[in-house]
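What follows is a single structure, written as structure tokens, with notes after it.
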Amino acid sequence: MPHSAVVDGRSTRPRRTSAYLLGSVLTAVAATPAAAATPPTGGALAGPAPKIRAVQCRTDCMGLTAGHVGSRVRVRGKSLKRVDSVVFQGAPGAADDVSVAPLRARKRYVDARVPRTAVTGPVALVSADGAESAPTALPLTIDPTAPAAPSSSDGLAIDVEVQGNRVFYGSERQAQVSYIVRDAQPVQVAVELIRLTDGVAIARWEPGVVQPGVAQTITWDGTAGGRVQRDGRYAFRVFATSQSGVTASSAQAPAPGTSPKAVPASFLFQRHIFPIRGAHTMGGGTAAFGGGRGHQGQDVFARCGTRLVAARGGRVKFKQYHSAAGHYIVVDGDATGYDYAYMHLRQAALVDQGDQVYTGQPIGFVGDTGRAHGCHLHFEMWKGPGWYSGGSPIDPLPLLAAWDKAS
Ligand SMILES: [Zn+2]
């Protein structure tokens, strides 16, 4: 794998050396002319390097990360819109690298067909400006033969996988399960979402009859019956019935004493994320709610410049500068009835008044603008109708502490 030798695996910026080297590798394996001919810029025109989260087989699959030559695969990640080649790296060394143009490139995924000469190995992506992703952590298994005709003796089976182990309500990425059923004929399928604390099925999908060997995806938005569900661990469970009446499930009920983490296709669901993404200390005394002269929030101390994210998504109600609060924003939290205020930001927030922000979206940096003694986030929560519009502040410390512990 010559790529991993020059890319540190975490690089988010295009690097000149890797772009040059890659250019020659792509030429050697007859890459798309566009990719090979594009001079590596590494300059102002270069976008962020593509970032891969996972690769998954979509059609004619043997499993979620196993396909045949000719299978369609989907690579998920970030900054993928400008990807113009998909590199099947095979074994270490450039000799067996194969690169193809994607069938389709979107911001968050790229589809490609497994080329005839590709062999099992990691997959990497290269964008039009030469920026290269780190390879996938896990290899894509590639069967060198074209998909065999399904045989009925293999029996009904389900392969299932969730995207991500932790999902925040209202975040950019929702809970998502992918599954593939294997059988000789199309199979009847139902999917349930189970709350693992009490085993209750809180949501159900009925995709109906699905084709064997084709990846299916179901997304959960965090609600059931119109209500945001409580924090905890959940699992998708896929049920299938073959045409001959055989049934299968992707997971049996976990035996008593099994760690919920061990349940297949399970994930942690949380409604908030702790807003300071770095080392921090909760203030006491006058820095706590009600401290000093009727302090209406909780101060959390952190180095100036520490990243701040929205604890909960929602609409930005105010973005202003105030002599005491400094740079601040107020977000009307989605489906909470609360406003969330973030004050003393280092500079004006990264989002604008009226914007819809998602849970976990970067909103700015810890600072000490306004009347602040030391770098800190002053955080307030106001019950509806909201911040200085008829609502009243609550003590946010117990909530902050809980989010901190969980995220
Ligand atoms: Zn304060």
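The values are calculated or read from the model by the stated rules, or taken from the named source; none is laboratory data. Predicted model, so just to flag it, every value in this text is computed and none were measured. In this analysis, Cβ positions are derived from the backbone assuming ideal geometry, glycine residues included, and neighbour counts consider all displayed protein chains. Only protein heavy atoms, including side chains, enter the accessible area calculation; ligands, DNA and RNA are left aside. Shrake-Rupley method; radii C 1.70, N 1.55, O 1.52, S 1.80 Å.
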*asked:* Looking at the range 329-339, can you tell me whether even one residue there is within 16 Å of the ligand (Cβ to nearest atom), within 30 Å of ARG166 (Cα to Cα) and open to solvent by 60 Å² or more (accessible area, probe 1.4 Å)?
replied: no
*Could you list, in sequence order, the residues of the range 103-115 that are open to solvent by less than 10 Å² (accessible area, probe 1.4 Å), among the hydrophobic types (A, V, I, L, M, F, W, C) and within 20 Å of the chain's Cα centre (by Cα)?*
VAL110
*Count of residues meeting criterion [assigned to a loop (DSSP other than H, G, I, E, B), open to solvent by 10 Å² or more (accessible area, probe 1.4 Å) and closer than 22 Å to SER250 by Cα] in the range 55-83*: 4
*Mind checking which residues of the range 313-326 are buried (at least 17 other Cβ atoms within 10 Å of the Cβ) and within 27 Å of the chain's Cα centre (by Cα)?*
GLY313, GLY314, VAL316, LYS317
_Anything in the range 355-376 that is away from the ligand (no atom under 16 Å from the Cβ) and surrounded by fewer than 20 Cβ atoms within 10 Å (Cβ to Cβ)? List them, or say none._
ASP355, GLN356, TYR358, GLN361, PRO362
*asked:* Within the range 262-279, does at least one residue satisfy the condition of being open to solvent by less than 20 Å² (accessible area, probe 1.4 Å), at pLDDT below 95, part of a strand (DSSP E or B) and away from the ligand (no atom under 16 Å from the Cβ)?
replied: yes
*Out of GLU192, GLU206, GLU161, report the one residue that is surrounded by fewer than 15 Cβ atoms within 10 Å (Cβ to Cβ) and assigned to a strand (DSSP E or B).*
GLU206
*asked:* Just to verify a result, which residue in the range 377-393, among those that are of a type outside the set (D, E, K, R) and open to solvent by 50 Å² or more (accessible area, probe 1.4 Å), is farthest from ARG307 (Cα to Cα)?
replied: GLY390
_Please determine whether any residue of the range 318-325 is at pLDDT 95 or above, of a type in the set (S, T, N, Q), within 15 Å of the ligand (Cβ to nearest atom) and in contact with a Lys or Arg (Cβ under 8 Å, 6 or more places away or on another chain)._
yes
*Identify the residue in the range 293-312 that is more than 9 Å from the ligand (Cβ to nearest atom) and small (Gly, Ala, Ser) and, among all such residues, is surrounded by the fewest Cβ atoms within 10 Å (Cβ to Cβ).*
GLY294
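Got a sec? Which of ALA118, ALA184 is assigned to a loop (DSSP other than H, G, I, E, B), touching a helix residue (DSSP H, G or I) at 6+ places or on another chain (Cβ under 8 Å) and surrounded by 12 or more Cβ atoms within 10 Å (Cβ to Cβ)? If you could, list the steps in order and put the result at the bottom.
Values: ALA118 fails: touching a helix residue (DSSP H, G or I) at 6+ places or on another chain (Cβ under 8 Å).
From the options ALA118, ALA184, the qualifying one is ALA184.
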*So VAL100, is it open to solvent by 10 Å² or more (accessible area, probe 1.4 Å) and within 29 Å of GLN185 (Cβ to Cβ)*: no
*asked:* With the structure loaded, tell me whether PHE379 is among the aromatic types (Phe, Trp, Tyr), more than 16 Å from the ligand (Cβ to nearest atom) and touching a residue at least 40 places away in the same chain (Cβ under 8 Å) or whether it fails that test.
replied: no
*asked:* Given the criterion free of Cβ contacts under 8 Å to residues at least 60 places away in the same chain and more than 18 Å from GLY367 (Cα to Cα), identify the matching residue among VAL263, VAL316.
replied: VAL316
